[in-house]
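**Q** The structure's right below; bear with me while I get my questions together.
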Amino acid sequence: MDVQTTAPNRPLVNGPLPGPESRRLLAEQDRHESNTRTYPRRIPIAIKQAQGAFVEDVDGNVFIDFLMGAGALGLGHNHPAVVAAVRQQADVLSHGLDFPTPIKDEFTKAHLAMLPAVLRDRMRMQFCGPTGADAVEAAIKLCKFATGRTEVVAFQGSYHGCTHAGLALSGDTTAKERFGALMPGVHFAPFPYCYRCPLGLRPTSCDTNCAHYLENVLTDPQSGIAKPAAVIIELVQGEGGAIAAPVDFVRRLRAVTRSLDIPLILDEIQSGCGRTGTWFSFETYGIEPDVILSSKAIGAGLPLSVVFFDKRLDVWPSGSHIGTFRGSQLAFAAGVAALRVVQSDGVLDNVVRQGRFLLDGLASLKGELAIVGDVRGRGLLLGVEIVDPATNRQSGAIARHVQQRLLERGLLIEVVGRDDAVIKLLPPLTLDRATATVALEILTHCLRAVDAEWAGEADAQADEELVV
Ligand code: PMP
């Protein structure tokens with residue numbers, strides 16, 4: 001049976017967006033908040049409340065939310081079990097520094113039990129500052145300390161956060177402009193983004209040449225890169241555009257890093273906690289990582305960040321990576337409650353089922369619509385790459401147009417990837433079939449409408465050229 005959500009159960013947009021009250025609050029925000037804010041620029045609404053898969057703005061418009069707090073809300077908004085657990089914990093203890101507490105102990109045991117059996121006894125947990133970026137910082141420092149090495153290999157198209165290390169390890173070159181002197185020693189290898197092969201080989205040949213490239217970089221004494229302290233990767237790139245690495249590539253990556261004693265860090269901050277249909281995305285690849293980064297949904301919407309790592313790396317002294325907020329007790333309570341729901345309500349099966357439904361529905365548009373270049377993803381981390389049919393290149397302009405159309409019809413999505421050309425879908429893991437069906441109808445309608453508009457414009461342009 002599909003997991004149910006509670007009312008409201010349909011999107012409803014009453015008039016032009018933003019509505020009057022949203023407009024007022026957006027203007028207040030503009031007056032007081034930093035330019036760096038992002039979401040309300042493309043999705044100009046002020047939020048009043050939310051429940052399950054739906055959010056309501058301050059003007060009474062209701063939207064299906066496929067942003068889900070950038071993936072932090074695995075079970076959707078305000079899941080009753082999570083709300084009850086947080087309320088109860090708030091009366092007991094909210095901040096416990098890094099002392100042991102009963103709820104932390106429960107959280108720790110419950111999460112270690114989610115790891116594949118071979119890793120359970122091998123892994124230690126570190127609670128860092130509550131953001132994903134701080135888990136990245138912690139893991140890099142850990143691996144540098146344990147290996148005595150300084151270099152790190154990351155992948156093109158990756159996203160690991162906005163701190164000086166996180167940004168240094170991320171692919172987006174525009175984001176790095178004007179922030180020189182990021183963490184030094186980072187080297188980028190091609191990520192197997194097979195729709196647009198970084199080595200220019202597909203579709204004629206491949207044989208996992210990204211793996212071959214990496215093996216060469218790590219083993220060739222003339223590659224120019226000293227043996228690294230770590231290799232860090234998202235097996236399913238999220239901000240990069242919902243791109244899953246092929247199994248053969250990942251196995252070879254694991255084999256070469258293991259043979260050279262290079263710790264492999266898996267950034268599961270977005271792909272973990274059930275998002276791709278297994279608890280962690282690496283489970284389907286049949287590999288054993290040295291370090292796993294988890295944040296976002298692990299706190300069920302409350303800020304929490306955890307590094308799991310092989311205990312042989314735990315050679316650094318007390319205080320090597322600390323912070324004031326190292327594991328909120330409220331987030332532990334929320335995380336335990338969410339995990340119990342995942343286990344008791346068949347949530348991972350639901351992710352696979354609804355993910356397949358959405359992916360199949362969208363894939364059928366691929367041949368039909370010239371602006372749909374690729375449809376991909378794992379579980380409920382899905383992406384539609386929008387292209388300019390005239391050039392077949394990624395088109396952020398058309399993708400943003402689709403995003404606006406979706407907003408007007410009541411579906412909130414983010415655009416990510418190169419040129420922000422990928423429509424990224426992050427539904428709640430508890431998505432029910434009825435809501436998935438409505439979302440698919442909206443997506444289909446808006447993609448068709450924008451495709452027709454584009455074709456009309458292209459025709460008009462061709463006519464103009466003829467007249468000239
Ligand atoms: N790694 C990945 C894979 C992410 O998706 C993100 C956030 N989108 C981060 C790291 C950074 O997490 P945070 O924004 O909490 O710092």
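**Q** Under 12 Å from the Cβ of residue 452, count the other residues' Cβ atoms, weight Lys and Arg +1, Asp and Glu -1, and hand me the total.
**A** -3
**Q** Let me ask something else. Which length gain, in nm to one decimal place, applies between residue 182 and residue 368 when the Cα-Cα distance is subtracted from 0.36 nm times their residue separation?
**A** Between residue 182 and residue 368, full extension yields an extra 62.5 nm.
**Q** Now, a different point. Could you give the size of the charge dipole of the chain about its Cα centre, using +1 on the Cβ of each K and R and -1 on the Cβ of each D and E, expressed in debye and rounded to the nearest 20?
**A** 1200
**Q** In the structure displayed, which of 227/311; 144/227; 48/296; 141/227; 109/311 lie more than 19 Å apart, Cα to Cα?
**A** 227/311; 48/296
**Q** Could you please report the charge total around residue 155, scoring K, R as +1 and D, E as -1 over all other residues with beta-carbon less than 13 angstrom from its beta-carbon?
**A** -4
**Q** Further question: Let me have the relative contact order for region 45-128, percent, based on Cα pairs under 8 Å that are six or more residues apart.
**A** Values: 51 pairs, mean separation 13.8, N = 84.
After rounding, I find 16 percent.
**Q** Moving on. How do 48, 109 line up, fewest other C-beta atoms within 10 Å first?
**A** Fewest-to-most Cβ neighbours within 10 Å comes out as 109, 48.
**Q** Given the options 416, 390, 372, identify the residue whose Cα lies farthest towards the positive end of the charge dipole of region 367-442 (+1 on Cβ of Lys, Arg; -1 on Cβ of Asp, Glu).
**A** After comparing all options, I get 416.
**Q** Need one number: nm distance between label points at residue 340 and residue 30, each 7 Å from Cα along Cα→Cβ, rounded to one decimal.
**A** So the two model labels end up 4.7 nm from each other.
**Q** What does the charge add up to near residue 393, with Lys and Arg as +1, Asp and Glu as -1, over the other residues with Cβ less than 11 Å from its Cβ?
**A** Once positives and negatives cancel, what remains is -1.
**Q** Another question, then. Quick one: if you stick a label point 7 Å off each Cα along the C-beta vector at residue 356 and residue 397, how many nm between them?
**A** 4.0
**Q** Using the per-residue mean of other Cβ atoms lying within 10 Å as a proxy for protection, in what order, highest first, do the peptides 269-276, 225-232, 8-15, 179-186 fall? Each step should come with its number before you reach the end.
**A** Numbers: 269-276: 28.8, 225-232: 20.5, 8-15: 15.0, 179-186: 12.5.
Top of the packing list down: 269-276, 225-232, 8-15, 179-186.
**Q** What is the distance, in nm, between label points placed 7 Å from the Cα along the Cα-to-Cβ direction at residue 124 and at residue 260?
**A** 2.6
**Q** Counting only C-alpha contacts under 8 Å and six or more residues apart, can you give the relative contact order of the chain as a whole percent?
**A** Relative contact order here is 21 percent.
Read-outs: derived from the displayed coordinates by stated rules, not from any lab. The model shown is predicted, which means the values in this text are computed figures rather than measured ones. Cβ coordinates were reconstructed from backbone atoms using ideal geometry, including for glycine residues, and neighbour counts include every protein chain displayed.
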